[in-house]
Amino acid sequence: MALLVLILATILAAVVSLIWWLGSLLVGWIFPNDSHSSPIDSVELVDPALILQDSIRAAEVGTLVKNAYRLDSTLLGLYVYDATTHQTVFEVNADKRFIPASCMKIPTAIAALERLGMDHRYVTTLQVRGDMVGDTLVGELLLQADDDPMILTLDSLVGMMQETGIRAVRGRLAYDLSREDALSSHPSTQTWDIKSSRVPTLLKGRAFVQDAFRAALSRRGVAVIPDSTVAREGAWREVSRQETALTDVLSPMLQFSSNVKAEAVFYHLDRAEGLIRDRQMHWEHPHAVEDFWHRYFLGESQFMGLKSLKMQGVVINDGSGLSPQNRLSPRLLVEMLQYAWNRDSLRNYLIDEGLATPGEYPRRGSLSGRMSSPIFRNRVFVKTGTLTSEAVSSLAGFIHSSDEHWYIFAIINQRCPVSEGRIFQDDFCRLFVRQKQQK
């Protein structure tokens, strides 16, 4: 009997231990406590004087919200975080999912920079194989092209090829394109949101690229003589190359809120991550941008295909923010920006090059006509957002305040006249950059 009791007790202890271990593992998956988890509101000793300054800021923002009588506070999302004191300063509906409009370009840009790398480049080349007979290539001419949204014409590539001595091609033109369909916006957007006339050459589909390449050869005086008898063998040799830095695509995307460039980057990252194999966009498939943020908020080492609780209710349909079905909270936008803040290369790029800022062209970008006072210069670094069909305006980014704190913030005004939302956003920024009156 005693032996039976001992055996049962041992089994019970083993079951309890197993349940405890599984519970701990589940908690670790859902609430990771590692370097990937969000450091917002991390515990840290801070000078009480700095905390007092946050309290003053909070009171000022609260007064601004209270006095903005033309705004419906239930449709205002606002979150302010002090990166200097590591404290939340103020929040209104911070966890509510709003339509972020073009602030959706923030998670797109950060995910692209992290996954592809700060030094990533789009590469487009012309390659040849065969023999040269005088100034004529007898063989094949290959256009190998990334989906570079900055290339408007192929003339310069052909010109570089001519400099190697090739004036004519007898044989075949070949193509290896990263994208073979035409760039378009998510099905939930208005059909006119991305006009075909604004789509760059390499994103207009295979048939268009082929026609554009032949036209560029013709304009440069390169004769193409079709000849199916020419042997298709031998090593390829590069005769011209054009490269575009990823940051040269992201900067106008962020500053001028280019939807075309945003959707191009969204696709480019999907393809680089192996999510697109037939060189055509599939909107219904999972996308790399969303996957990146799920992994970050859950913890990369514990991802295992799970979805982060922080991302519940989040909708990332596209890279541009054109979809009215997109949903993000102000807190998540701030945490995404804080991800960049905690990484020197990302932070420096966004502040020094990427985000729109009041001042000289071109960096004022979509801030043109806003925050024209000198007090905003070198103080405000932001992404704007507007979706007029849903009466949404948004603003998110960094503020270097007049008392030398750095703040990270996100504001989303929904079902609010766009002009009223922008006035509120500008007044909010003014609170932080204005010089205090000396007593």
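What to note about this one:
- Angle between the chain longest axis and helix 105-116 axis [Cα atoms, degrees, rounded to 10]: 70
- Ellipticity estimate at 222 nm from DSSP helix runs (n ≥ 4, -39,500 (n - 2.57)) divided over the chain, nearest 500: -11000 deg cm²/dmol
- Per residue value of the accessible surface for the chain (all protein chains in place, 1.4 Å probe), Å²: 46
- In this structure, the pairs whose alpha-carbon distance is over 24 Å, taken from 261/383; 204/307; 66/310; 105/204; 195/307; 105/195, are 204/307; 66/310; 195/307.
- DSSP-assigned coil residues among GluC sites (Glu not before Pro) in the range 97-204, each with at most 15 further Cβ atoms within 10 Å: 163, 180
- Dipole magnitude of the chain about its Cα centre (Cβ charges: Lys, Arg +1; Asp, Glu -1), debye to nearest 20: 960
- Relative to the longest principal axis of the Cα atoms of the chain, the long axis of helix 48-67 lies at roughly 80 degrees.
- Principal-axis tilt of helix 288-298 within the chain, Cα atoms, nearest 10 degrees: 30
- Highest-fluctuation residue, 150, 160, 371 considered, GNM on the chain with Cα pairs under 10 Å: 160
- Here the label points at residue 343 and residue 227, each 7 Å from Cα along the C-beta direction, are separated by 5.1 nm in the simple model.
- Read-out percent of Cα pairs over 28 Å apart, derived from the coordinates shown; its label in (1) 47; (2) 57; (3) 65: (2)
- Taking only protein heavy atoms and a 1.4 Å probe, the accessible area of the chain is 54% carbon and sulfur.
The values are calculated or read from the model by the stated rules, or taken from the named source; none is laboratory data. As the structure is a prediction and not an experimental result, all values here were calculated from the model. Methodologically, a virtual Cβ is constructed for each residue, glycine included, from the backbone with ideal geometry; neighbour enumeration extends over all protein chains shown. The accessibility values were calculated without ligands, DNA or RNA, using every heavy atom of the protein model including side chains. Shrake-Rupley method; radii C 1.70, N 1.55, O 1.52, S 1.80 Å.
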